[in-house]
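The values are calculated or read from the model by the stated rules, or taken from the named source; none is laboratory data. This one's a predicted model, so the numbers in the text were calculated from it and none came from an experiment. No Cβ is skipped: glycine too gets one built from the backbone with ideal geometry, and neighbour counts run over all protein chains shown. With ligands, DNA and RNA removed, areas are computed over all heavy atoms of the protein, side chains included. Shrake-Rupley method; radii C 1.70, N 1.55, O 1.52, S 1.80 Å.
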Amino acid sequence: MDERGERERAYAAEGVVWSRLAGLLPGAEDVAEIQACWDIGEQEGGLFRLVDRLFARELSVADRTRAELAAMAEQWGVWDQLATDVVDLPGFEGELRVVEGLEPVDRAGGTTLVAWMRCEPCGRILAREHRREAWGGLSFSPVSYVVSVPDGSGTQIVVDAEGAGAVWRALDLLTASCREAAACPGFGPTG
């Protein structure tokens, strides 16, 4: 499949996840409002509205759903603004933890890892890898997603953040070993 076809496929698959997230809200009017944000290309505003509504209605959010919300916010460039709210949504079940605010870890080559999610049963960690800018801060967008595998040999699986559906592939890799062992559910557009 060519690059354009791959991007179209990834966008369509992400739209399915969006519809599922919108469906978390109990009222048809709320669901329609969030879905309309996707339909008109206002994903950023739709994510803010969705998270606000989840809080206002005090709805419990499953680990998988929280991870999908985090991935969707990352995909649309609003993770930094929504991180605390997504992490604080009620309903953590102990399978997949979304985190924010942990100390970044500097790597050789001027990049820094920022831990983002952890699969509790298998111990895999998903981090966002950012460039360290000349002024000392981190780049706004990650250059890659890194899944650390606790296999004793330091295995890391790197997903280029620029590829179509990269955040969803990284999320899928985070839970791959647990899914195979039926400990964790599938995630995102490919799950």
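Residues in the range 91-99: is at least one open to solvent by 20 Å² or more (accessible area, probe 1.4 Å), at pLDDT 95 or above and aromatic (Phe, Trp, Tyr)?
No, the range 91-99 has no match at all.
Kindly list the number of the only condition in (1) over 17 Å from Met117 (Cβ atoms); (2) assigned to a loop (DSSP other than H, G, I, E, B) that fails for Gly94.
(1)
When the residues of the range 100-110 are filtered to those that are under 19 Å from Glu162 (Cβ atoms) and either touching a strand residue (DSSP E or B) at 6+ places or on another chain (Cβ under 7 Å) or touching a residue at least 24 places away in the same chain (Cβ under 8 Å) (or both), which remaining residue is most open to solvent (accessible area, probe 1.4 Å)?
Top of the filtered list is Arg107.
For the range 124-140, which positions are touching a helix residue (DSSP H, G or I) at 6+ places or on another chain (Cβ under 9 Å) and either surrounded by fewer than 14 Cβ atoms within 10 Å (Cβ to Cβ) or more than 24 Å from Arg9 (Cβ to Cβ) (or both)?
Hits for the range 124-140 are Arg124, Ile125, Phe140.
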